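J.: My questions will all concern the structure given below.
The values are calculated or read from the model by the stated rules, or taken from the named source; none is laboratory data. Predicted, not measured: the structure shown is a model, and the values here were computed from it. Every residue, glycine among them, receives a Cβ derived from its backbone with ideal geometry; neighbour counts consider all protein chains shown.
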Amino acid sequence: MALMLSPVLFVVVGLFGLGFLAVFVESLGVGISGQGASATPGPTAQHYHDLARSSEFYLSLLFTVWVATLATVVSVIGGVGLALLLQPVVRGRRAIYALLQVPLAVPHLAMAVVTVTLFAQSGLLARVAYAVGVIGEPAGFPALIYDRWGTGTLLAYAAKEIPFVAVVATALLLGIGPDYDTVARTLGASRWQRLRHVTLPLIAPGVGAAALMVFAYVFAAFETPFVLGRPYPAMLSVVAQRKFMSLDLADRPGAMAVAFVMTVLAALVVRAYLALSHATLGRKRPVLF
């Protein structure tokens, strides 16, 4: 199997590895010249030292972890719940599943624009609430965009990732079939017991992989927090973009250092997930009650 996949692995690992190496080298200041660059000649670890002493970096890191974690939890709960609700549906199942896949084709940037249009204090929902007398003025609508908790960013990601997790969970439920549930029901297990001890453990590995994909994407994504987030603290991807786009080329190694740290942190999360799944899900079989 490894030999058959070697051409694909060579391209993917090669491209990622070269890009990862290029980011690390540039984060050391190698090959950077421009205004202010002479103050920190490369190679140097000064940019990593600056990150370690930067309060903005730690605030942005905490905010990024907060948004990525909450978006993942909401997406998993909403997606799995939606898949379970749709499981008994027979008529119109294909149409419903096709409808679930529509948000997957919508770019995240477009979803961010839709979120602003709907949920901003000058948006559609605020105007409707004002028109029907729920609020005294559009500005009285809750500030869901550009708020300190990243609510707008979470709304945009939920609208995108809940259908994604629902599609994955639906495929998993169709794959396991009704046999396990039928046996559990025959043995006297209640609906909650069947859900907790049979259905969820069976779909947990696939849903966990989907959750990992959601977390990794939200953790590193740029466009949605750039459109919907506050300037400070911003998510790490936005911080890296601002440094990279600075007119002073001496700021570019700092951007690469942020990107390198983000990649390492994401890799550690993946490694921790693989270790946890091996220690728990990989060694357990569903129990009926």
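J.: Within the set of pairs 6 or more residues apart or between chains, which connect a residue that is free of Cβ contacts under 8 Å to residues at least 40 places away in the same chain inside the range 208-223 to a residue that is buried (at least 17 other Cβ atoms within 10 Å of the Cβ) with Cβ atoms less than 6 Å apart?
T.: Pairs found: F222/S237; F222/Q241.
J.: Looking at the range 8-26 only, could you name the residues that are over 25 Å from the mean Cα position of the chain (by Cα) and either modelled with pLDDT of 75 or more or within 14 Å of P43 (Cα to Cα) (or both)?
T.: Within the range 8-26, V25, E26 qualify.
For (1) within 12 Å of the chain's Cα centre (by Cα); (2) surrounded by fewer than 18 Cβ atoms within 10 Å (Cβ to Cβ); (3) farther than 25 Å from A143 by Cα, each residue gets a yes or a no:
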residue: P225; (1), (2), (3): yes, no, no
residue: L228; (1), (2), (3): no, no, no
residue: Y232; (1), (2), (3): no, yes, no
residue: S246; (1), (2), (3): no, yes, yes
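J.: If you don't mind, there's one more thing I want to ask. Which condition does H49 not pass, out of (1) closer than 24 Å to P231 by Cα; (2) modelled with pLDDT of 90 or more, if it passes all the others?
T.: Result: H49 passes all but (2).
J.: V214: closer than 30 Å to G152 by Cα and touching an Asp or Glu at 6+ places or on another chain (Cβ under 8 Å), yes or no?
T.: Yes, satisfied.
J.: Also, I was wondering about something else. Touching a Gly at 6+ places or on another chain (Cβ under 8 Å), assigned to a helix (DSSP H, G or I) and not aliphatic (A, V, I, L, M), is that true of S237?
T.: Against the criterion (touching a Gly at 6+ places or on another chain (Cβ under 8 Å), assigned to a helix (DSSP H, G or I) and not aliphatic (A, V, I, L, M)), S237 does not qualify.
J.: Please state which one of A184, A189, A234 is within 18 Å of P88 (Cβ to Cβ), in contact (Cβ under 8 Å) with a residue 40 or more places away in the chain, in contact with a Lys or Arg (Cβ under 9 Å, 6 or more places away or on another chain) and not charged (D, E, K, R).
T.: None of the other options fit; the residue is A184.
J.: Among (1) modelled with pLDDT under 85; (2) surrounded by 18 or more Cβ atoms within 10 Å (Cβ to Cβ); (3) of a type in the set (V, I, T), which single condition is T280 missing?
T.: (2)
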